[in-house]
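Throughout, read-outs are computed from the coordinates displayed, never taken from laboratory work. Every value quoted in this text rests on a predicted model; they were computed, and no experiment measured them. Ideal geometry is used to build each Cβ from the backbone, glycine not excepted, and the neighbour counts take in all protein chains shown.
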Amino acid sequence: MKKLLLAVFLLVSSFAAYLNADLTATQPSSLETQGYLYLTFCSVSNEYVTFKLTPYGFSASPTEIRMDFSGSSSSPDCRQLVIFVKADSPGMYNLKIKEGSDEWWVPVVFEKRLPLELLLSKQVIYTGYDSVRLFVRGDGTNAWVYFPGNLVGSNILHSPSLPASFDITFHFSQPGYYAIPVSVRYDHGNTTLVQNYTLGLRVEEPPLEISGSLRIPSEGYADLKLHVHSPEVLYSTKVSVSSECIEGDTERFFPELSDANVTFKIRGKCDPGIYPLIVQVGSYSRTLPLEIYGPGGFDVMISPGYEKGKASIEVTVANIGSDTMKSVSVKLLPGNYIIDEEGTFLGDLDPGDFDSADLSFTPRGNPVLVRYQIAFNKAGERVVLNRTYEFTAPREGGFPWIWLLVTAAVVYYAYTRKAGRKVSHS
């Protein structure tokens, strides 16, 4: 049966890999210590054949298969079989499939998958806005955590390595018990794994009601106004707010408190975004989302480039704030590409100043999501921001005009910013 073809499907959980016996460069998917091997045999002739399976280093059942084919060159006859395989320890093994004088060697990889552990800092939260910390424990890199709705801010979280922790703010309008599905995608060795979990969360009515407009500008001092209501009178009570992103007058004292409007004069220290704000009323504490709005203090412009399989992005950082950005650095983070030039240290950027960093890489796909990091010192603290840029390589034979326009825009922006800064200092 010289025209017999063999295709192999390895299936575990929800993903599979396709193998063809003629494609020796194809790599198999990873199995756990046991699983099912899906074999598909196709014949272009009428024949009755017997396949003998010989596993090396692991066990397989069955080890002999008899099949009756009735195919033709125009309509091959394909049959699929399921083989149970099991190994005592992880590793790469070989399965020999023999029929007459024909042989096929199928590589089978058994890899022990280390389970992750997901924990919440608390299992009971309150209606409205409330925050918890999610701990992801285990070994791995490039971890992405996906949540459904009910989150304030992004429901996609990322960490370059595990273990990791994430601050999450939920919003539930009704009390009850909620099952929260969570999906974690991460790299373990040379394999990308996806694991799904369900976390239990009980939502109750809060003993105190705290409300207000939780928005402050990113520049200058502003009033943060809260309304606190207690069903019982509280005596000698301190009300305070705290966050790594604010400073100023953050405490108030009340001899008696039942229903009160509380005003704090504070100043934001972080770029625009949503950050956790801890409100403390006596021994009772709530974590609420604080929105900082307005200009972020700096602008970023991206200029892409591509030549002979090598890609690059020029990252221009312009300080549009009123404070000096100290020790600015731009760094290329690992992704689906080979890093050729990781980044550079830009130094200090005075208000109105700008500088650029060239990041070069060899993409492994098209398009590819480029991950880069901007870091600087502000208000005595190191600010680290991870950002992404979708890079698309041009088609062969031409360079997209839109990239030329982007490059021209960056040059024009840099020129006008520098010119404006020189005029203002003259």
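Brief remarks follow.
- Here's how it looks for residue 383: its modeled amide H is under 5 Å from those of 376, 377, 378, which are all 5 or more places away or on a different chain.
- Karplus 3J(HN,Hα) series, Hz, for segment 355-372 with 6.51 cos²θ - 1.76 cosθ + 1.60 (x for Gly, Pro): 7, 10, 10, 9, 10, 10, 7, 10, x, 9, x, 8, x, 9, 8, 8, 9, 9
- Here the Karplus curve 6.51 cos²θ - 1.76 cosθ + 1.60, taken at θ = phi - 60°, turns the phi angles of segment 331-346 into couplings of 9, 8, 8, x, x, 7, 6, 9, 7, 9, 10, 6, x, 7, 9, 8 Hz, with x standing for Gly and Pro.
- Once backbone amide H atoms are built at 1.01 Å from N, residue 277 has 288, 290 as its partners under 5 Å, excluding neighbours fewer than 5 places away on the same chain.
- The stretch between residue 137 and residue 103 holds 7.8 nm of extra length on full extension. This uses 0.36 nm per residue minus the Cα-Cα distance.
- Segment 303-310 - phi-based ³J(HN,Hα) in whole Hz, Karplus 6.51/-1.76/1.60, Gly and Pro as x: 10, x, x, 7, 7, 6, x, 9
- Paramagnetic reach from residue 96 (point 7 Å along Cα→Cβ, amide N under 14 Å) across segment 46-75: 52-58
- Residues listed by number, segment 47-68, amide nitrogen under 13 Å from residue 34 label point at 7 Å toward C-beta: 59-61
- Assigned charges on the beta-carbon of Lys, Arg, Asp, Glu; segment 209-293 dipole about Cα centre (debye): 60 debye
- Added length on full extension, which subtracts the Cα-Cα distance from 0.36 nm per residue, residue 392 to residue 122: 92.9 nm
- Solvent-free Debye scattering, log10 I(q)/I(0), computed from the Cα coordinates of segment 198-254 at q = 0.18, 0.23, 0.24, 0.28 Å⁻¹: -0.83, -1.07, -1.11, -1.29
- Pairwise label distance in nanometres, residue 74 with residue 326, each label 7 Å out on the Cα-Cβ vector: 8.2 nm
- Sequence-separation-based contact order of segment 62-116, relative, with Cα cut under 8 Å and 6+ spacing, percent: 25 percent
- Net charge contributed by nearby residues that have their C-beta within less than 14 Å of residue 310 (K/R +1, D/E -1): -3
- Volume per residue of the C-alpha convex hull in segment 209-293, rounded to whole Å³: 73 Å³
- Trypsin sites (Lys or Arg not before Pro) restricted to segment 293-382 and DSSP loop, no more than 14 other C-beta within 10 Å: 308, 364
- The slack between residue 358 and residue 339, meaning 0.36 nm per residue of separation minus the straight C-alpha distance, is 5.7 nm.
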